[in-house]
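Remarks on the structure that follows.
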Amino acid sequence: MADGRFLTEENGEIKEERAINVSTGAGDADKIPRTDAGGKLDITFMPNGIGDDSVSMTTFEDLNAGDWVNVFDDSGTVKLRKADATTVGKEVTGFVSASSTAPAVNTVFFEGVNASNAGLSLGVTYWLSTTAGGEVTTAPSSSGNIVQKVGKSLSLTEIAFEPSNPIEKV
């Protein structure tokens, strides 16, 4: 079934059909699904509640793949900006896995593994940095800074996103 074709029998007749790559809902009931080039099923085959906890939003500023981001209200419009430990209210809400030039639509992930990092130390806890969008191995300690864990590294490029509640240093 390399090209997604297969044979079926209907009322004694043999006919060729194709597996489907994407489900449009009930109209595709009883059809055979086809995996993508990565060997995975499209998210449209999954029941509600299964899949990435993510949303596409408009960006307020340029974002780099791997940036820790903050979802905020920009004059009545929800937007994404880089999270920043120097400013109350700019705590980590999620992360992006793709770069974008503002204004653009980018996907923010609210859980999962941020695999767009480089130069991490294995098994280390990371904190929101005072450099917007970044992470550090030592929690910020200056008065007015936000202390918020973003997660623990799984490899030299991946952090399991496990945010803590932000705390303002006094």
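A Cα-only calculation for the chain places Rg and Dmax at 21.5, 79 Å. Over the range 5-45, the hull volume per residue, using the convex hull of the C-alpha atoms, is 67 Å³.
Is the C-alpha gyration tensor of the range 114-170 telling us rounded, prolate or oblate? Criteria: a/c under 1.5 is rounded; beyond that, a/b larger than b/c is prolate, otherwise oblate. It would help to have the intermediate numbers written out before the result.
Details: a/c = 2.36, a/b = 2.00, b/c = 1.18.
Prolate.
Can you put L80, L120, L63 in order, fewest other beta carbons within 10 Å first?
Values: L80 29, L120 19, L63 25.
Starting with the residue having the fewest Cβ neighbours, the order is L120, L63, L80.
Exposure proxy shown here: for I159, I43, I20, I14, the number of other Cβ atoms within 10 Å sets the order, fewest to most, as I14, I43, I20, I159.
Using the Karplus relation 6.51 cos²θ - 1.76 cosθ + 1.60 with θ = phi - 60°, the per-residue 3J(HN,Hα) values for the range 18-26 come to 10, 5, 9, 8, 9, 9, 9, x, 4 Hz, with x marking Gly and Pro.
Cβ-Cβ distance of E16 and M46, R₀ of 30 Å, FRET efficiency by 1/(1 + (r/R0)^6): the value works out to about 0.65.
Relative contact order of the chain: what whole-number percent is it, with Cα pairs under 8 angstrom and at least 6 residues apart? Each step should come with its number before you reach the end.
Working: 402 pairs, mean separation 28.1, N = 170.
Taking the mean separation of contacting Cα pairs over the length of the chain, I get 17 percent.
Here the dipole of the chain is about 600 debye; that uses its Cα centre as origin and unit charges on the Cβ of Lys and Arg (positive) and Asp and Glu (negative). With neighbours defined as other Cβ atoms within 10 Å of a residue's Cβ, the residues S75, S142, S54 order from fewest to most as S75, S142, S54. Under 1.5 on a/c is rounded, so check that first for the range 48-108, then, if it is not, pick prolate when a/b is larger than b/c and oblate when it is not; a ≥ b ≥ c are the square roots of the alpha carbon gyration tensor eigenvalues. It comes out rounded by the Cα gyration axes. By the compact-protein rule of thumb, 2.2 N^0.38 Å, the alpha-carbon radius of gyration of the range 59-153 corresponds to a ratio of 1.03. Among S155, S23, S121, the residue with the largest mean-square fluctuation in a Gaussian network model of the chain, with springs joining Cα atoms closer than 10 Å, is S23.
Using a Gaussian network model of the chain in which every pair of alpha carbons under 10 angstrom is joined by a spring, one finds that among V108, V150, V55 the greatest mean-square fluctuation is at V55. Residues in the range 92-128, backbone N under 13 Å from the label point at E162 (7 Å along the Cα-to-beta-carbon vector): list them, ranges by number please. Under cut-off, by backbone N: 112-113, 123-127. When the Gaussian network model of the chain links Cα atoms closer than 10 Å, the mean-square fluctuations of A160, A139, A26 top out at A26.
Any read-out appearing in this document is the output of simple, stated calculations on the displayed coordinates, not a laboratory observation. Keep in mind that this is a model prediction, so the values were computed, not measured. Note that each Cβ is placed from the backbone with ideal geometry, even for glycine, and that neighbours are counted across all protein chains shown.
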